[in-house]
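Engineer: Sharing a structure, written as structure tokens. Questions coming.
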Amino acid sequence: MIHLTLIIVDFLTGLLAAGAWALASAGGAIAAVVGSGILGVSLFRRWRRRD
């Protein structure tokens, strides 16, 4: 019975770690998209101001 409990706890810990990793990856991707969008707008404004 103890072995089954350890297996369940290990499984849940693995799920938690995988979920945290997926959340961090998605957060990094979202931050990259937002950052590139802000950079693009900044460059576009600078280009429009030049004319």
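Throughout, read-outs are computed from the coordinates displayed, never taken from laboratory work. Since the model is a prediction, treat every value here as computed from it, not as a measurement.
Engineer: With θ taken as phi - 60° and the coefficients 6.51, -1.76 and 1.60, list the Karplus ³J(HN,Hα) couplings across the range 7-21 in order, rounded to whole Hz; mark glycine and proline as x.
Structural biologist: Result, ordered by residue: 5, 5, 4, 5, 4, 5, 5, x, 5, 4, 5, 5, x, 5, 5 Hz.
Engineer: Same structure again: If each DSSP helix of 4+ residues adds -39,500 (n - 2.57) and the sum is divided by the residues in the chain, what number results at 222 nm, nearest 500 deg cm²/dmol?
Structural biologist: -36000 deg cm²/dmol
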